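A short write-up of the structure that comes next.
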Amino acid sequence: MESEFSAILGHDFQLSELSRDLASGNVAHAYLFSGPPHIGKFTVAKSFAKKLLLDGEDPALVPAKTNQVDRLLHPDLFVLDRLWIEDTQEDFEVLGRFTNIPQQHRQKSGAKTDTISIDDVRVLQERLYEVSTARYRCCLIRSFERMREEASNAFLKILEEPPKQVVFILTAATIAALPPTIVSRVRVLQFFPLSLPQLRPLVSSLEEGTAAFLLHVCQGAPGIIRRLIDDPEMLREQRSLHVAAGNFWHTTVPAQRLKVLRPLADDPQTLDRFVLHLCLTLREQLPESAPAHIEALQRLLRGLQTNVHKGLLLQQFALAV
């Protein structure tokens, strides 16, 4: 079982803490793994859950039980990860590779967002009180900040009177996004971006230029590297955005800058990616970067966190630089 953790890149302190908890029998009833997206929090959560579910298991049964865990078929493993959303019409068989909590209720109600509703919590709660077959039972919830207030209050009651043997493992980008009442009832482990030496094994087989680009844009997140390696089209898009962002800073005509930015106002995902590359390419130019550029980008980043009209924000940014 030790190999479960040895295959994970980085996060040595967090892994040692979890191993010590298990070895000492001092496993918390609830954990919160907090840190930036795509750095491996949920990977660690799944690996820790596997160690818990296989703890004390008959060695002859370990291979079969491991297969059950990996396929989300173990009766004592509950995973709430990817959610059914009406606009995506994602097949339940595909969803089953990520989430093993029933989601037919979301289809009936025509769920349109990625938020975790009180109905999701109620369905999860029903599963938590089923008969256990292992020493521990594990409930994993990815991106807990997706949970609505009503659902969070219902989940809080579960944490206050947890079912026997259940270990909750939650992940979130920031603690600040969660209700203090939830945070006070979990053991928090903070996760951080990985260093370049820790990430290099992921790109060791790639061409030098591609490897350097991936290490640059991933910002310490191994999940981003893996996603871009697996999706060449997305990698090409990222390269294109990086070039466009670099050219943006050298453009002196406001109309040309507006031409680049205006379509992004109605495309939030591409806008987020382009802003990331604006930050990266501006950093590449330091200390040559004009103070006005830095100040304008900071104002844009702050504005994007508000409800201000994105088209207006982008227009003001284009004129400011």
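Each value in this text was obtained by applying a stated rule to the coordinates, not by laboratory testing. Computed from a predicted model, the values in this text were never measured in an experiment. Every residue, glycine as well, gets a Cβ built from its backbone with ideal geometry; the counts of neighbours run over all protein chains shown.
Summary of values
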| read-out | value |
| --- | --- |
| Kirkwood hydrodynamic radius over Cα pairs of the chain, then Stokes diffusion coefficient at 37 °C and 0.692 mPa s, in µm²/s | 149 µm²/s |
| Difference of contour (0.36 nm per residue) and Cα-Cα distance, D272 to Q107 | 56.5 nm |
| Flagged links, alpha-carbon separation over 25 Å, of K51/K112; K41/K108; K112/K259; K50/K108; K259/K310; K51/K108 | K51/K112; K41/K108; K112/K259; K50/K108; K51/K108 |
| Whole-number percent relative contact order across the range 231-320, with pairs defined as alpha carbons under 8 Å at least 6 apart | 35 percent |
| Neighbour-count ranking [beta-carbon atoms within 10 angstrom, fewest first] of I116, I141, I175 | I175, I116, I141 |
| The range 1-75 - charge dipole about Cα centre, Lys and Arg +1 at Cβ, Asp and Glu -1, debye rounded to 20 | 260 debye |
| Over the range 2-190, relative contact order from alpha-carbon pairs under 8 Å, at least 6 apart, % | 32 percent |
| Lys, Arg +1 and Asp, Glu -1 on Cβ, resulting dipole of the chain about Cα centre, debye, nearest 20 | 500 debye |
| Contour excess over end-to-end distance, with Cα ends at Q219 and T174 and 0.36 nm allotted per residue | 14.5 nm |
| Sequence-separation-based contact order of the chain, relative, with Cα cut under 8 Å and 6+ spacing, percent | 20 percent |
| Where chymotrypsin sites (Phe, Trp or Tyr not before Pro) fall in DSSP loop in the range 85-166, at most 15 other Cβ within 10 Å | F98, Y129 |
| Rg to Rh quotient for the range 1-62, alpha carbon positions, Kirkwood Rh | 0.96 |
| Among A221, L95, P163 - extreme Cα towards positive end, dipole of the chain, charges at beta-carbon | A221 |
| Debye intensity ratio in log₁₀ form over the Cα atoms of the range 2-190, taken at each q of 0.12, 0.19 Å⁻¹ | -0.56, -1.49 |
| Packing-based ranking, highest mean first, of 24-35, 243-254 given that Cβ atoms within 10 Å are counted | 24-35, 243-254 |
| Per DSSP, loop GluC sites (Glu not before Pro) in the range 246-321 with at most 12 further Cβ within 10 Å | E288 |
| Residue among K50, K108, K65 with the largest mean-square fluctuation in a Gaussian network model of the chain, springs linking Cα atoms under 10 Å | K108 |
| Residues of type aspartates and glutamates that K46 reaches as a straight line, Cα spacing below 18 Å, ignoring anything fewer than 8 places off in the same chain | E2, E4, D12, E17, D21, D55, E57, D70, D76, D81 |
